[in-house]
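Comments concern the structure below.
The values are calculated or read from the model by the stated rules, or taken from the named source; none is laboratory data. Given the structure is predicted, the values throughout are model-derived calculations rather than measurements. Positions of Cβ are generated from backbone atoms using ideal geometry, with glycine treated the same way; all protein chains shown enter the neighbour counts. Just so you know, the surface numbers come from the protein's heavy atoms only, side chains and all, with ligands and any DNA or RNA stripped out. Shrake-Rupley method; radii C 1.70, N 1.55, O 1.52, S 1.80 Å.
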Amino acid sequence: MKLALRHGFVLLMCVFALVPILFVVSAAINPLGTLASTDLVPHGASLGNFADLFSNDRYPFARWFLNSVFIALAASFASLLLSMMAAYAFSRMRFRGRRVGLLALLLIQMFPQFLAIVTIFMIFTRVTELYPAIGFDTVWGLLLLYLGGALGANTWLMKGFLDTVPKELDEAATVDGATHAQIFWRVILPLVTPILAVTGLLAFIGIMSEFIMASVFLRDPESKTLAVGMFGMIAGDQRNANFGMFAAGTLITAIPTVGVFLWLQKFIVSGLTAGAVKG
Amino acid sequence: MAHDAHAAADTRRGPRPRREVTTAFVVSRVAVLAVAAALLLYAAPPLVADGSWVSLTLLCAASAGIAYLYLTRRFVPAKYLIPGTVCLLAFQVFPVLYTVSTAFTNFGDGHRGDKQAAVSAIETGSVRQAPGSPEYALTAALRDGELVFLLVDPKTKQVQAGSGQGLAPVTGAQVGVTGKVLRAPGFTVLKAPEAAARGQEISKLAVPTSGGVIKANGLSRAVEGRAALVYDAACDCVNGEGGPWKADEARGYFVNARGDHLAQGWQVNVGFGNFTRVLTDPTISGYFLGVFGWNLVFALASAGGTFVLGMAVALALHHPRMRGTKIYRIALILPYAMPSFAMLLVWRDMFNRDFGLINQLFGTNVDWLGQSGTARAAVILVNLWLGFPYMFLVTTGALQAIPRELTEAASIDGASPWYGFRKVTLPLLLVALTPLLISSFAFNFNNFNAIQLTSEGGPFPAESPQVGATDLLITYTFRLAFGAGGAQFGFAAAISVFIFALVAVISAVAFRRTRKQEEVYA
């Protein structure tokens, strides 16, 4: 009886979790491709929406997809490296200003970068005049901008994890004549893979869905990311007509996330409890 | 600190061991030098062209600093800290400081440039056709590739060439019956389609004259205009229509005796004006408190709700005789794998009144996002859907770390399951998950996407179209800065500073309570 109750509750939650996804799938294979004609249970099945998505002149979906995956992969790799290096210094070395630096990071990470969106917009207006290659409408500029948040977000987490890795390991390496760089690359990095996997996954998911800065930053259709581009796809009076295409795009967007998820899966459960939230 | 200094002294003592010069060593040094040089080569020329000598000096110093830092064997910690710190300073600390300083100005639409720019914008914007001035027949032409106007006076038939430098007489030009110049020595006359292609350039060209400027009116007429408003440095005012307009340095506007101001102003320092406006202006302060209150409710409901839901599911599955947990788990995690921005938009359309799934399923006709109560419930529900899988994952992990003997011991001692959960399981879970709950709260406090992509802050009451029922502080700020009602960057920055302060206070209180950070210093 009690077991039945448990199953009932879990099933209810599964329905809650799956209904919107079912709706997306149904919309994506809906031959009519409009919001109004989409039901929870699909009337027919066709891949027309997927075909439209890639053959459409107004919405360069494939380009957006590449932009997003490139930015998300590059930014999460680079930010992992930057914050891992900082965490290594904070955890293993003693230097003047260490305490102050740690406290400053704690303070800074409380301020989400996009709160300064107004001035970031003003700063990059100037940068665009001077260096168009890293200004508005470029993936490189956005990448740099995301790296600005790298140190604040993950350093504490990684330092905490690194503190649990026995110091004797790198001391042994030092005795064997390893330099600090060799210790970092050959000893520390392999040991912290679980936390790297988790923060990497979270950073990847966060950047794939980042909307506010990208929407201010990217206005040229060719340079948009999926979040900005697909938002425009169902903006205004396009909302009803393009819904099938949008749903198809949503399913395709989930592929890289699921891919990264599967790739890093074995580390996830041990690392997740170390904490962070979905963006 | 004393401990740190001591440790540092330790490493300095004794002879530094000689190290071999390996290939990796040489390659890495060369790479660093190359990067520093490339940085300098790429970044310097635009700064030189622009004459930004301060920035140029900073850039050279930075490149030299990087080269030195990675070539020397000293300053090992800095080698690891500098890359991240540079990004942090440039794209987070500097913008935040800049935000704080912008909050003290009236920067925004109508106050973008300095006073000189405002004066010239006012003067050129007020140009009208001077009474009694001739209407010239205009022919666009090129002289050495530069666009010039060939102007024929309708009465005297005299031909003049007008460029950005002024008017000059032209001799030997052949004028057609329509008054257009057919050809002139030294000029290439543009044909109609060629002129049309340069329409923007033509409408921009202003030929200065003694009393005003000659501007094109279409492609074949040009008129002499005079500025209706003229700046007079002696009285620091603008004379003309409706004036005199006196410069008001406190507000950054030209104001006349009736208290009206010209649309174009300039950027001035307004001190704490923006901050007092948030607190004292009744049309803002009332809503500000309302928005803040809803913001708190939203963040608490999101963080708490996702935790309770996620934990409930995890507990339900956490039973030795529970079957099919693997399949359940995959189904429950799926929302987490979907791109959240797209799913937010999907939820928005599911709540749509006319075609939305919710109304279809339940046979209702409710405008879910159109009424403040249902809209608020809707955005929280959507956020629960997005957030509970994560909490489920995390609690599952934490539950497995709690030894089963503890709960079994409690039940043997006669505790009811509920009592055992409350006194044993929950406290242990909270120890592990409190830092996560705090960061989830802080994240949702500024959860821009969850609002902007679903309700966009709406519904907006008729009496205050600026502030919607589901607006968070951050979406409200975003609309102030980039919204349709004209950009108010200064004011938006002031609200950002308020949010900074609120987030800092809330986080400080939360961290004091957990005291987590202290043990990490060790």
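Observations on the model:
- Signed unit charges on C-beta, dipole axis of chain A, positive-most listed residue A:L189, A:I207, A:P166: A:P166
- Expected 222 nm ellipticity per residue - DSSP helices of 4 or more, -39500 (n - 2.57), all of chain A, to 500: -22000 deg cm²/dmol
- Descending Cα extents along the principal axes, segment A:100-175, whole Å: 52, 26, 18
- Equivalent ellipsoid, segment A:53-195 (semi-axes from 5 times Cα gyration tensor eigenvalues, Å): 36, 20, 13
- Size of charge dipole - chain A - debye, nearest 20, with Cβ of Lys, Arg +1 and Asp, Glu -1, no other charges: 800
- When only alpha carbons are used to place a centre, segment A:183-218 and segment B:423-483 end up 24 Å from one another.
- From the alpha carbon centroid of segment B:194-243 to that of segment A:141-157 is 49 Å.
- Size descriptor, Kirkwood hydrodynamic radius, that averages inverse alpha-carbon separations across chain B, Å: 30.9
- Dimensionless Rg over Rh [the protein assembly as shown; C-alpha; Kirkwood]: 1.04
- Percent carbon-and-sulfur accessible area, the protein assembly as shown, ignoring ligands, DNA and RNA, probe 1.4 Å: 65
- Taking every DSSP helix (H) stretch of at least 4 residues in chain B, weighting each as -39,500 (n - 2.57) and dividing the sum by the residue count yields a mean residue ellipticity at 222 nm of -17500 deg cm²/dmol.
- Rg and Dmax, both from the Cα atoms of segment B:210-355 and both in Å, are 31.2, 97.
- Inter-part distance where segment B:274-309 and segment A:1-30 are each reduced to a Cα centre, Å: 33
- Using equal-weight Cα scatterers in the Debye expression, the normalised intensity of segment A:140-279 in log10 at q = 0.12 Å⁻¹ is -0.66.
- Kirkwood analysis of the Cα pair distances in chain A returns a hydrodynamic radius of 21.6 Å.
- Partner lysines whose Cα lies under 21 Å from the Cα of B:K215, excluding those fewer than 8 positions away in the same chain, are identified as B:K155, B:K157, B:K180, B:K191, B:K204.
- The stretch between B:F460 and B:T156, if pulled fully straight at 0.36 nm per residue, gains 103.2 nm over its current Cα-Cα span.
- For segment A:1-16, residues shielded by at least 30 square angstrom of accessible area compared with the chain on its own, probe 1.4 Å: A:L3, A:R6, A:H7, A:F9, A:V10, A:M13, A:C14, A:F16
- Chain B: angle of helix B:76-88 to the longest principal axis, Cα-based, in degrees nearest 10: 60
- Size of charge dipole - the protein assembly as shown - debye, nearest 20, with Cβ of Lys, Arg +1 and Asp, Glu -1, no other charges: 1820
- Set of lysines with alpha-carbon distance to A:K224 below 24 Å, sequence-local pairs under 8 removed: A:K278
- Contact order for segment B:282-520, expressed relative to its length and based on alpha carbon pairs under 8 Å spaced 6+ residues apart, stands at 25 percent.
- Cα gyration tensor, segment B:359-515 - rounded (a/c under 1.5), prolate or oblate: oblate
- Whether segment B:130-227 is rounded, prolate or oblate, judged on the alpha carbon gyration tensor where a/c under 1.5 counts as rounded: rounded
- Shape class of segment B:19-96 from the alpha-carbon gyration tensor: oblate, with a/c at 1.5 or above and b/c at least as large as a/b.
- Rounded to the nearest 10 degrees, the angle from helix A:150-163 to the longest Cα principal axis of chain A is 50 degrees.
- The angle separating the long axis of helix A:139-148 from the principal Cα axis of greatest extent in chain A is about 50 degrees.
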